[in-house]
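Here the structure comes first, spelled out in structure tokens, and everything after it is commentary.
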Amino acid sequence: MKDFDDDNVMQELFDQAEPRMQPSSERMKAAKADFMKAFEDQQPAPAKKSLLRNSGLAAAVLLSVLASWFTLQSDDAGQELATALVTIESMAGEVTLNGDRLEPTASGQAIEYGSDIDTGNGGFVRIQLANNASLRIDSNSRVTLHDQQLDLHTGRVYFDAPGTNDYITVRAGDISVRDIGTQFEVRRSSDSVTVGVREGEVMVSGADRTVSAKAEPERAPIVEIRNGVVEEQRHVSPRDAHWNWIHKAPVELELETVHSFAELAARETGLSLVYASDAVRQASQSTRLSGKIRVDDTLEQRIQEILLAASFQRIDSNQHTLRIDFIR
Amino acid sequence: MAIRFEDKRLADRVVRGERNAAEVFFDTYYPRVYRFCVVRIRDEAASEDIAQETMLAALKGLHTYRGEAALFSWLCMLCRHEISAWLEKQRKHNHQHIVLEDTEELQRALESLNSTADEQSRFEMNRLIHLVLDHLPEEHSKMLELKYIQGCSVSEIAEQMNTGQTAVQSMLARARRGFQSVFQELSAEITAVAKGTVNTP
């Protein structure tokens, strides 16, 4: 099988292709207008239905609708409508959601955009976002979660956004950090913002300029910014103990294929995933696993056990790589 | 059964009434459904109508999408129904179509237009590449098209996509890996169909 990671191989293949056909822009615009109208028409109007169904409740519902309308009018015009789109995967210690303390059994609870989340001493929460991205919030942190944006008021957060189309932006005061499909953390204290990039690249924007922080093999940059100026940049390994805090509350995830397990294990542990051959990669994609895997700081020790059960094995030439082959 | 989480989440967001998600859904899939249609019926105007009907049908039925197949594959299934309905209408209103193809003169003209084996192979590869691109996230397919079909440099792509050159290089690497994965998957599927070991997708 050809290696499409090679630029020349890709060019040779694409030399046989023409640009994809597009519908006319006018027609697409008209079709979109019709589609969005159908979408709007499809949205339910529960208050109206309640009024029609039960006239006895009409006055109460009407008052409620008027009160809601009044509240919306008096609020900031940019305020988003709260919609449950993300869920808590696991948590530990003291965590509050909009001021209400969450019970340890809150896993699976939906969170609405616009919510404030606080973690106390020893508190930690792991949240599943849209597009398979994951957010971890460390102890003594306070954040406000929006769609594709997070306001970090204080504390530390970590994002793992594997290959998503939706970018996530973290705002920490005047500093904003925008991911480009990656794993990164942002810490905000009273006088500085620190950005660590474990994998991939993020763009860090201050008041007047934007800089890129990009992870290299075995070199994860940690950038400290004070008063909008990069004061210090150092590097740690993606496998350094620096990242251990992201596993404070273990989570159990469903296994799917050997490949998806390997990708998850590599991302969580900071290993680089490599297959011994294309045949191994293809087989890993079609070999199904069933059951759940506990994701915590002992995950790396269990990788080999799971691979062996599926007739694969880890054959590492160095401690930074998760190299997978068949059992020979 | 693997679940397509990203597709499922987009569908769920539309079903929950998120306007942004509905726009993303339409912008991403309308052109893809249109292309799926136009290579089958070779009628651009009708394809635009059929793609629109497909998207409206999808909107009504999106709550039934369970993420077991890619969202695009699910839309293709709906589109096939719309194409069948359109062809049925055409048959009722255009009997001349069959008669004309039967004339000896026209048959010869059509044969003269037959492509060579090389041209046929190129045509099929062109279609396969388009199909693979349509299965990738929009950003990745757009980037690959800019780079390898339109011949844009990394700096030109960065400018067009309003991002940095290092970001483009990083995304290109991801896009190539994604392309390879889908290309292998679809090639294997097509080979299996050709050998008759699986049903037509």
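Of the conditions (1) in contact with an Asp or Glu (Cβ under 8 Å, 6 or more places away or on another chain); (2) modelled with pLDDT under 90, residue B:32 satisfies every one except a single condition; which number is it? Here residue B:32 clears every test but (2).
For segment B:18-27, filtered to residues that are within 8 Å of chain A (Cβ to nearest Cβ) and closer than 20 Å to residue A:128 by Cα, the residue that is surrounded by the most Cβ atoms within 10 Å (Cβ to Cβ) is B:18. Look at segment B:125-136: where a residue is facing chain A (nearest Cβ under 9 Å) and a partner is crowded, with 17+ Cβ neighbours inside 10 Å and of a type in the set (Lys, Arg), sitting 6+ places away or on another chain with Cβ atoms under 6 Å, you get B:130/A:20; B:134/B:32. Taking the numbered list (1) within 7 Å of chain B (Cβ to nearest Cβ); (2) closer than 17 Å to residue B:46 by Cα in turn, residue A:36 passes all entries but (2). The residue pairs whose first member lies in segment A:108-128 and is on the phi > 0 side of the Ramachandran plot, whose second member is outside any loop (DSSP other than H, G, I, E, B), and whose beta carbons are closer than 9 Å, counting only pairs six or more residues apart or on different chains, are A:108/A:87; A:108/A:88; A:108/A:89; A:114/A:144; A:114/A:145; A:114/A:146; A:122/A:92.
Filter segment B:111-146 down to residues that are of a type in the set (Val, Ile, Thr) and modelled with pLDDT under 85, then give me how many there are.
Total meeting the criteria: 1.
With the structure loaded, tell me whether residue B:81 is at negative phi, away from chain A (no Cβ under 13 Å) and assigned to a helix (DSSP H, G or I) or whether it fails that test. Here the answer is yes, as residue B:81 does meet what is asked. Within segment A:219-235, the residues that satisfy the criterion of being part of a strand (DSSP E or B) and out of contact with any Pro (no Cβ under 7 Å at 6 or more places or on another chain) are A:219, A:221, A:222, A:223, A:224, A:225, A:226, A:229, A:230, A:231, A:232, A:234. Taking residue B:67, is it part of a helix (DSSP H, G or I) and surrounded by fewer than 20 Cβ atoms within 10 Å (Cβ to Cβ)? Here the answer is no, as residue B:67 does not meet what is asked.
Residues in segment B:4-16: is at least one surrounded by fewer than 19 Cβ atoms within 10 Å (Cβ to Cβ), under 13 Å from residue A:35 (Cα atoms) and more than 7 Å from every other protein chain (Cβ to nearest Cβ)? Looking for residues that are surrounded by fewer than 19 Cβ atoms within 10 Å (Cβ to Cβ), under 13 Å from residue A:35 (Cα atoms) and more than 7 Å from every other protein chain (Cβ to nearest Cβ), one finds none in segment B:4-16, hence no. Those strands (runs of 3 or more DSSP E) of segment A:77-165 in which at least 3 residues are at pLDDT 90 or above and surrounded by 18 or more Cβ atoms within 10 Å (Cβ to Cβ), considering only elements entirely within it, cover A:115-119, A:124-128, A:134-137, A:141-146, A:149-160.
When residue A:177 is tested against the conditions (1) more than 14 Å from every other protein chain (Cβ to nearest Cβ); (2) among the aliphatic types (A, V, I, L, M); (3) in contact (Cβ under 8 Å) with a residue 24 or more places away in the chain, the lone failure is (1). Would you check if residue A:197 is assigned to a strand (DSSP E or B), within 14 Å of chain B (Cβ to nearest Cβ) and touching a Pro at 6+ places or on another chain (Cβ under 9 Å)? Judged against the criteria, residue A:197 is a match. Could you look through segment B:147-167, keep only residues that are modelled with pLDDT of 85 or more, part of a helix (DSSP H, G or I) and at the interface with another protein chain (Cβ under 10 Å from one of its Cβ atoms), and pick out the one that is nearest to residue A:11 (Cα to Cα)? Filtering segment B:147-167 for residues that are modelled with pLDDT of 85 or more, part of a helix (DSSP H, G or I) and at the interface with another protein chain (Cβ under 10 Å from one of its Cβ atoms), the one nearest to residue A:11 (Cα to Cα) comes out as B:148. Comparison of A:193, A:202, A:177 shows that the only residue that is at pLDDT 90 or above and crowded, with 23+ Cβ neighbours inside 10 Å is A:193.
In segment B:168-190, of all residues being free of Cβ contacts under 8 Å to residues at least 60 places away in the same chain and more than 11 Å from every other protein chain (Cβ to nearest Cβ), the one that is nearest to the chain's Cα centre (by Cα) corresponds to B:186. A residue that is at the interface with another protein chain (Cβ under 10 Å from one of its Cβ atoms), surrounded by fewer than 18 Cβ atoms within 10 Å (Cβ to Cβ) and touching a residue at least 24 places away in the same chain (Cβ under 8 Å) occurs somewhere in segment B:29-46. A residue that is under 24 Å from the mean Cα position of the chain (by Cα) and free of Cβ contacts under 8 Å to residues at least 40 places away in the same chain occurs nowhere in segment A:308-325.
When the residues of segment A:262-287 are filtered to those that are under 21 Å from residue A:182 (Cα atoms) and among the β-branched types (Val, Ile, Thr), the one that is nearest to the chain's Cα centre (by Cα) is A:269.
Quickly run through segment A:8-17 and pick out the residues that are farther than 19 Å from residue B:188 by Cβ and surrounded by 13 or more Cβ atoms within 10 Å (Cβ to Cβ). Once the filter is applied, which keeps residues that are farther than 19 Å from residue B:188 by Cβ and surrounded by 13 or more Cβ atoms within 10 Å (Cβ to Cβ), segment A:8-17 yields A:10, A:11, A:14, A:16, A:17. Taking the criterion of being surrounded by 19 or more Cβ atoms within 10 Å (Cβ to Cβ), of a type outside the set (Asp, Glu) and touching a residue at least 12 places away in the same chain (Cβ under 8 Å), would at least one residue in segment A:230-240 satisfy it? Yes, segment A:230-240 has at least one match. Annotation: residue A:230 fulfils all but one of (1) modelled with pLDDT of 85 or more; (2) more than 14 Å from every other protein chain (Cβ to nearest Cβ); the unmet one is (1).
Suppose we filter A:120, A:196, A:206 for residues that are small (Gly, Ala, Ser) and under 19 Å from the mean Cα position of the chain (by Cα); which single one remains? Being small (Gly, Ala, Ser) and under 19 Å from the mean Cα position of the chain (by Cα) holds for just one of A:120, A:196, A:206, which is A:196.
The values are calculated or read from the model by the stated rules, or taken from the named source; none is laboratory data. Computed from a predicted model, the values in this text were never measured in an experiment. Backbone-built Cβ (ideal geometry, glycine too); neighbour counts: all protein chains shown.
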